[in-house]
Amino acid sequence: MKKINLKKLDLKKWSLKKKVGISEELTDEMGDVLEEMDMDELNDQLEAHEEEVRKNWNDDEKIQKILDGALTLVKKLSNLPFVGKYIADVPILVMLVNDYRKKEYTDIPLASVISITVALAYLVSPLDVIPDSLPLVGHLDDGVVLYIVLEALHNDIEDYRMWKVENLDE
């Protein structure tokens, strides 16, 4: 996975208030947390997850554990400010990875599928840049990782969505 220069993202300028309808005070607090987030540590953790995913790519049980964990978190996190918006896409990401691994959908580069799996692995990992146990802000880093993957692989994901709709009958 190409190293993402997360420092170039101007996270504080995200219009959190407008996008997810939260108070200006909370928007400022979330922006401050994001601004203070250690982007080098986040990159290091993503690289470690990528190494694990690549090492275990052919181990169905280990990859399935990541995918199942991500789906479990969807219900838990769907109502959180900011993260809920991106967590809603986790089920389609899980389906994409599953369909790719079953060789039912292969019109996407392996590198993209690995990147999606790395993001999902980060999501379910108890070791985060911002501890998940922190109220309201604990999952912001998870949202950032999902945002990056959804934006970077937007076309691949949309192509898969269209394929999935066309192939629902099968």
**Fill in**
Stretched fully, the stretch from residue 59 through residue 110 gains (0.36 nm per residue minus C-alpha distance, one decimal, in nm) 16.8 nm
**Request:** Using per-residue counts of other Cβ atoms within 10 Å, averaged over each peptide, order 102-114, 45-57, 119-131 from highest down.
**Result:** 119-131, 45-57, 102-114
**Where labels lie 7 Å past Cα in the beta-carbon direction, separation of residue 98 and residue 48 in nm** = 2.9
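Each value in this text was obtained by applying a stated rule to the coordinates, not by laboratory testing. Computed from a prediction, not measured in an experiment: that's the story for all the values here. Here Cβ is always computed from backbone atoms with ideal geometry, including for glycine, and neighbour counts include all displayed protein chains.
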